[in-house]
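The values are calculated or read from the model by the stated rules, or taken from the named source; none is laboratory data. Remember, it's a predicted structure, so these values are computed and weren't measured experimentally. When we count neighbours, we look across all protein chains shown, and the Cβ atoms used for this are built from the backbone with ideal geometry, even at glycine. Quick note on the areas: whole protein, heavy atoms, side chains included, nothing else; ligands and nucleic acids left out. Shrake-Rupley method; radii C 1.70, N 1.55, O 1.52, S 1.80 Å.
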Amino acid sequence: MQEAATDFVCIFGILGAVFGTIGAGQNYNCYPVLSMDNVISGLTHSISGFASLYIMISGMAQLKKK
């Protein structure tokens, strides 16, 4: 179960970081660039991306098909 969970976090953490950051670009039309909404959105998506990068670099995820 732990291997499946780390694989899931590894894959969808990177996808969430990339697409969440790209999708958050639509907020710039409504809010100033350095508003709290945009900063919080960027931080939360960056955290998921860096967490999955840490999992991949440290070798915690195997990414095996079972």
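Observations on the structure shown:
- Among residues that are surrounded by 12 or more Cβ atoms within 10 Å (Cβ to Cβ), at pLDDT below 80 and of a type in the set (Phe, Trp, Tyr), Tyr54 is not included.
- For the stretch 1-20, taking the residues that are over 14 Å from the mean Cα position of the chain (by Cα) and surrounded by fewer than 13 Cβ atoms within 10 Å (Cβ to Cβ), the one that is nearest to Lys64 (Cα to Cα) is identified as Ala4.
- Scanning the stretch 10-20 for residues that are within 15 Å of Ala51 (Cβ to Cβ) and either touching a Leu at 6+ places or on another chain (Cβ under 9 Å) or modelled with pLDDT of 85 or more (or both) yields Cys10, Ile11, Phe12, Gly13, Ile14, Leu15, Gly16, Ala17, Val18.
- For Gly23, the conditions (1) in contact with a helix residue (DSSP H, G or I) (Cβ under 8 Å, 6 or more places away or on another chain); (2) open to solvent by less than 40 Å² (accessible area, probe 1.4 Å); (3) at pLDDT below 80 are fulfilled apart from (1).
- Here Leu63 clears all of (1) modelled with pLDDT of 80 or more; (2) at positive phi except the condition numbered (1).
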